[in-house]
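The values are calculated or read from the model by the stated rules, or taken from the named source; none is laboratory data. Fair warning: this is a prediction, and the values are worked out from it, not measured in the lab. All Cβ positions, glycine included, derive from the backbone under ideal geometry; neighbour counts span all protein chains shown.
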Amino acid sequence: MSGQQSALPIRTSDPKEQSHQRKNTLTVDPYAAPEVYYGSSHGPRKVAKGRTYSAGNAPRRYLIDVEDTLKTLLAREDTDHNIQITIDDHGPKSIPLGTAASGGYRNFDVRGTYMLSNLLQELWQARAYGRKQIVLDEARLNENPVNRLARLIKDQFWPNLTRRIDGGNIAQVARDPKDWTKNPHPRMYIPRGAPEQYEYYTRIARQHPELNLEVIYLAEVPSDDNYVRDLNAAPGLLAVAVERIEDTPEGYPDYRGLPFVVPGGRFNELYGWDSYMETLGLLVNDREDLAEAMVKHFCFCIRHYGKILNANRTYYLCRSQPPFLTDMALRVYDRIKHRPDSLQFLKDAILAAIKDYYGTWMREPRYDPASGLSKYVPGGLGVPPETEASHFVHVLNPYAKKHNMTFEEFVNAYNYGRIWEPDLDEYFLHDRAVRESGHDTSYRLEKVAADLATVDLNSLLYKIESDIARTIRAFFRDSLHIPPEWQAEGQASIETSSTWDRRAKKRRLQMDKLMWSEEKGMFFDYNCKKKEQTGYESATTFWAMWAGACTPRQATLLVSKALPRFEVHGGLVSGTEESRGPVGLSRPNRQWDYPFGWAPQQILAWTGLLRYGFEEDAQRLAYRWIYMVTKAFVDFNGVVVEKYDVTQQISPHKVSAEYGNQGADFKGVATEGFGWVNASYVYGLQIVNAHMKRALGAVTPWDTFRAMTQGDPVAAREAFEAPTSVHVAQHVQEAVLVDYKHGQHVALPHSKEDEKERALAQQGGYVGHGGEEANGKAHWKR
């Protein structure tokens with residue numbers, strides 16, 4: 001979808017949420033979710049005139065005519081007419097509102113960009129719920145911005161990003177805005193191993209001809225390059241996991257799609273590594289139900305499509321994304337292990353991860369036998385069809401002119417092999433590899449991606465190998481039987497931990513040998529074709545810390561030498577300016593290069609730093625990122641976007657790079673944020689402590705906060721206490737690595753709080769702690 005459209009009146013509340021709705025309209029929580037605050041519990045609301053308060057303590061409420069106030073507010077304050085109130089607007093920054101206690105006769109001014117933009121957001125939502133008049137708590141306008149954004153993520157953004165695929169919504173979700181055919185209509189593709197879904201969707205199409213739904217069986221081998229190219233003439237949605245529910249009144253088997261969270265903006269499908277990052281935030285917000293469902297979707301994809309797909313559309317059948325399944329599944333298992341079916345859930349996920357490992361990442365051309373490392377090298381033929389129509393015009397036009405063809409004629413001839421252009425073949429080989437890496441695009445990877453054994457991919461595979469070894473040893477008595485449906489070609493029927501330990505050890509040794517630079521103190525991508533390191537400085541170097549793929553000594557060098565090269569105002573920048581090189585009209589900026597920062601790079605670096613005992617560095621980086629996101633949220637009408645210019649202090653969400661910035665295109669109120677930024681925010685709040693949260697709530701820059709706490713031993717101690725509240729799976733929390741050079745376990749630095757946490761885990765299993773909320777007493781003042 002091109003922008004965020006509020007679906008608030010349509011969303012059905014979870015039963016757990018409904019149980020919290022207040023029947024007494026006088027005591028409704030001023031911070032309640034919109035469906036509670038503006039829904040049934042809001043009306044009719046009466047003002048409690050008989051209640052008495054001590055002077056100055058009465059909570060202020062405003063009696064507001066929604067439509068009139070909205071028109072007045074926008075006319076006065078929205079001077080650039082984008083239906084947002086931001087620091088770029090030049091209105092009076094003040095509007096009088098009548099109090100509810102006086103029946104609207106006594107006015108108080110609401111002042112400042114933050115409170116006025118919150119007023120716009122509240123009025124926009126009230127109108128969406130059909131409210132003509134409301135009683136609005138002032139607490140919703142001057143709410144601590146950190147608390148407000150965390151609340152919106154939990155109560156609104158996650159629900160509004162949640163999707164299902166089944167007969168109830170197939171017409172909407174199967175329609176592809178990128179469908180370039182002459183007859184665009186919803187098409188549903190079903191793998192051969194899921195005949196129950198084929199029968200189900202065929203029945204839906206038959207019973208509802210108005211949907212114009214086409215249900216198609218995929219080929220037995222759905223990832224064949226020629227077959228996937230031919231599917232581009234009729235692109236469609238790929239089936240994912242469903243659950244059996246009560247049969248229809250006519251006796252037909254019925255199904256309901258398992259839920260999943262989409263990234264947001266124009267990305268409206270089940271995406272690969274976005275889902276992992278989102279899971280980290282969902283677990284903080286106690287939504288393990290959504291996280292568990294997404295793991296099951298990935299297991300379905302691996303079983304039927306052979307891999308975790310870039311996304312569940314036909315044109316992604318040849319392409320995967322960075323693999324995080326084992327860590328994702330283990331984190332979810334930590335939250336559901338009390339259930340009797342939890343071990344089967346973990347077993348299914350590990351079986352799927354093993355099949356993906358063999359079938360995707362350890363098979364040529366992705367696997368490079370000479371180095372023993374793996375690369376991003378997806379299949380595919382021709383021009384990637386899902387891109388914007390103009391994306392490759394500058395590349396293809398010279399070839400079209402060379403062959404005396406129109407642009408469209410040349411693309412068709414090239415895609416179907418009627419024209420041979422080896423230089424273009426090489427170009428699109430690397431282009432597809434960039435897209436599979438998730439880092440599309442970057443000068444780190446451009447025109448070379450398929451030749452690179454990247455630090456990020458090999459760190460992930462080391463983590464997978466280590467996770468599988470530990471899981472087989474700890475949960476399956478060191479012997480895991482592989483059923484036929486989960487076996488990759490040539491795979492053994494029994495897996496043991498020692499095999500996976502050896503694989504992890506071998507990969508780590510190869511990373512040390514080919515990727516590590518002692519002089520620079522960081523890991524570099526390895527060019528398998530040129531047999532050399534690329535030298536491009538990327539924040540993916542810290543993924544080795546997240547995976548536990550580096551020694552404690554290497555981790556110390558990464559922090560002392562590499563970290564200062566990436567740390568900027570808003571956290572970690574994706575790459576250094578020096579490595580990116582000069583940019584201009586002939587060499588435009590790429591979105592995964594300097595000066596842009598992305599949530600995944602922050603999250604993985606924080607977790608890696610905590611793993612090796614660098615709590616202060618993790619807290620500082622988390623503070624910088626959260627501050628930047630909060631500042632944009634406060635100054636720009638609640639905006640939360642896909643990526644940020646982390647070098648900018650004023651408007652970091654305004655990004656000039658290809659593809660623009662998802663999440664900024666909304667009117668009145670942001671209803672989704674962006675998936676992995678939402679996750680990074682609530683995850684990061686588990687890393688910083690209460691003292692830092694109070695400073696962030698006052699939108700205090702890091703340098704100011706550091707100056708405030710320097711020389712104050714009490715504040716400094718509170719500011720840098722070990723973060724015990726971060727939700728990390730037990731296998732991640734353990735600060736022990738094997739030094740393969742000496743064959744000994746080396747304990748990493750850890751705090752007293754870590755010892756307490758470990759003692760609790762030994763006594764009764766791992767216990768995840770909820771983050772301490774800021775007290776909320778200091779309201780926003782500006």
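Taken over the stretch 378-396, the criterion of being of a type in the set (Val, Ile, Thr) and part of a helix (DSSP H, G or I) is satisfied by Val393, Val395.
To keep it simple, each residue is scored yes or no on (1) modelled with pLDDT of 95 or more; (2) assigned to a strand (DSSP E or B).
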site: Leu136; (1), (2): yes, yes
site: Asn147; (1), (2): yes, no
site: Phe157; (1), (2): yes, no
site: Asn160; (1), (2): yes, no
site: Gly168; (1), (2): no, no
site: Gln172; (1), (2): no, no
site: Trp180; (1), (2): no, no
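Criterion applied to Asn232, Asn183, Asn212 was being in contact (Cβ under 8 Å) with a residue 24 or more places away in the chain and either more than 30 Å from the chain's Cα centre (by Cα) or within 30 Å of Gly673 (Cα to Cα) (or both), and the one residue passing it is Asn212. Every condition in (1) closer than 30 Å to Leu514 by Cβ; (2) out of contact with any helix residue (DSSP H, G or I) (no Cβ under 7 Å at 6 or more places or on another chain); (3) not in a helix (DSSP H, G or I) holds for Ser371 except the one numbered (2). Candidates are the residues of the stretch 145-202 that are in contact with an Asp or Glu (Cβ under 6 Å, 6 or more places away or on another chain) and farther than 13 Å from Val215 by Cβ; the one that is surrounded by the most Cβ atoms within 10 Å (Cβ to Cβ) is Phe157.
What residue, among those in the stretch 343-367 that are out of contact with any strand residue (DSSP E or B) (no Cβ under 6 Å at 6 or more places or on another chain) and more than 23 Å from Ile494 (Cβ to Cβ), is surrounded by the most Cβ atoms within 10 Å (Cβ to Cβ)? Restricting to residues being out of contact with any strand residue (DSSP E or B) (no Cβ under 6 Å at 6 or more places or on another chain) and more than 23 Å from Ile494 (Cβ to Cβ), the top hit is Pro365. If the condition is being in contact with a strand residue (DSSP E or B) (Cβ under 9 Å, 6 or more places away or on another chain) and either on the phi > 0 side of the Ramachandran plot or assigned to a loop (DSSP other than H, G, I, E, B) (or both), then the stretch 187-210 contributes Pro191, Arg192, Ala194. Quick one: would you say Arg507 is under 22 Å from Leu445 (Cα atoms) and either of a type outside the set (Asp, Glu) or assigned to a loop (DSSP other than H, G, I, E, B) (or both)? The answer is yes for Arg507. Within the stretch 638-665, the set of residues being closer than 29 Å to Asn689 by Cβ and among the polar types (S, T, N, Q) comprises Thr647, Gln648, Gln649, Ser651.
Of all the residues in the stretch 490-511, those that are among the charged types (D, E, K, R) and either buried (at least 18 other Cβ atoms within 10 Å of the Cβ) or in contact with a helix residue (DSSP H, G or I) (Cβ under 7 Å, 6 or more places away or on another chain) (or both) number 5. Return a yes/no flag: does the stretch 225-241 have any residue that is among the charged types (D, E, K, R) and either at pLDDT below 95 or crowded, with 23+ Cβ neighbours inside 10 Å (or both). No: the stretch 225-241 contains no residue that is among the charged types (D, E, K, R) and either at pLDDT below 95 or crowded, with 23+ Cβ neighbours inside 10 Å (or both).
Do we have Tyr659 as in a loop (DSSP other than H, G, I, E, B), over 22 Å from Asn118 (Cβ atoms) and in contact (Cβ under 8 Å) with a residue 40 or more places away in the chain here?
Numbers: in a loop (DSSP other than H, G, I, E, B): yes; over 22 Å from Asn118 (Cβ atoms): yes; in contact (Cβ under 8 Å) with a residue 40 or more places away in the chain: yes.
Considered against the rule, which asks whether it is in a loop (DSSP other than H, G, I, E, B), over 22 Å from Asn118 (Cβ atoms) and in contact (Cβ under 8 Å) with a residue 40 or more places away in the chain, Tyr659 comes out as yes.
The criterion of at least 1 residues that are in contact with a His (Cβ under 9 Å, 6 or more places away or on another chain) is met, among strands (runs of 3 or more DSSP E) falling completely within the stretch 211-266, by 214-217.
Of the set (1) part of a loop (DSSP other than H, G, I, E, B); (2) surrounded by fewer than 24 Cβ atoms within 10 Å (Cβ to Cβ); (3) out of contact with any strand residue (DSSP E or B) (no Cβ under 6 Å at 6 or more places or on another chain), all apply to Thr671 but (2). Checked against the criteria, Asp478 counts as part of a loop (DSSP other than H, G, I, E, B) and either outside the structural domain of Val559 (by TED's automatic domain parsing) or buried (at least 23 other Cβ atoms within 10 Å of the Cβ) (or both).
In the stretch 298-310, what residues are outside any loop (DSSP other than H, G, I, E, B) and over 16 Å from the mean Cα position of the chain (by Cα)? Explain how you work it out, then say what you get.
Just the residues of the stretch 298-310 that are outside any loop (DSSP other than H, G, I, E, B), to begin with: 298-305.
Scanning the stretch 298-310 gives Cys299, Phe300, Cys301, Ile302, Arg303, His304, Tyr305.
All of Gly264, Gly251 fail the test of being surrounded by fewer than 22 Cβ atoms within 10 Å (Cβ to Cβ) and on the phi > 0 side of the Ramachandran plot, apart from Gly251. Residues in the stretch 462-475 that are in contact with a strand residue (DSSP E or B) (Cβ under 6 Å, 6 or more places away or on another chain) and surrounded by fewer than 13 Cβ atoms within 10 Å (Cβ to Cβ): none. With respect to the conditions (1) closer than 26 Å to Phe267 by Cβ; (2) in contact (Cβ under 8 Å) with a residue 12 or more places away in the chain; (3) polar (S, T, N, Q), Asn118 falls short on a single one, namely (1). Residues being touching a Lys or Arg at 6+ places or on another chain (Cβ under 7 Å), on the phi > 0 side of the Ramachandran plot and either at pLDDT 95 or above or not assigned by TED's automatic domain parsing to the domain that holds Trp625 (or both) are entirely absent from the stretch 561-569.
Leu445 meets all of the listed conditions (1) in contact with a Leu (Cβ under 8 Å, 6 or more places away or on another chain); (2) buried (at least 24 other Cβ atoms within 10 Å of the Cβ); (3) part of a helix (DSSP H, G or I) but one, namely (3). Checked against (1) assigned to a loop (DSSP other than H, G, I, E, B); (2) under 25 Å from Asn678 (Cβ atoms), Pro600 meets all criteria but (1). Sort through Ala194, Ala171, Ala128 and tell me the only one that's assigned by TED's automatic domain parsing to the domain that holds Tyr38 and farther than 25 Å from Pro59 by Cα. The match here is Ala128. In the set (1) touching a residue at least 24 places away in the same chain (Cβ under 8 Å); (2) not in a loop (DSSP other than H, G, I, E, B), Gln344 fails one condition alone, (1).
The number of residues in the stretch 397-423 that are farther than 21 Å from Asn226 by Cβ and either in contact with a His (Cβ under 6 Å, 6 or more places away or on another chain) or not in a loop (DSSP other than H, G, I, E, B) (or both) comes to 8.
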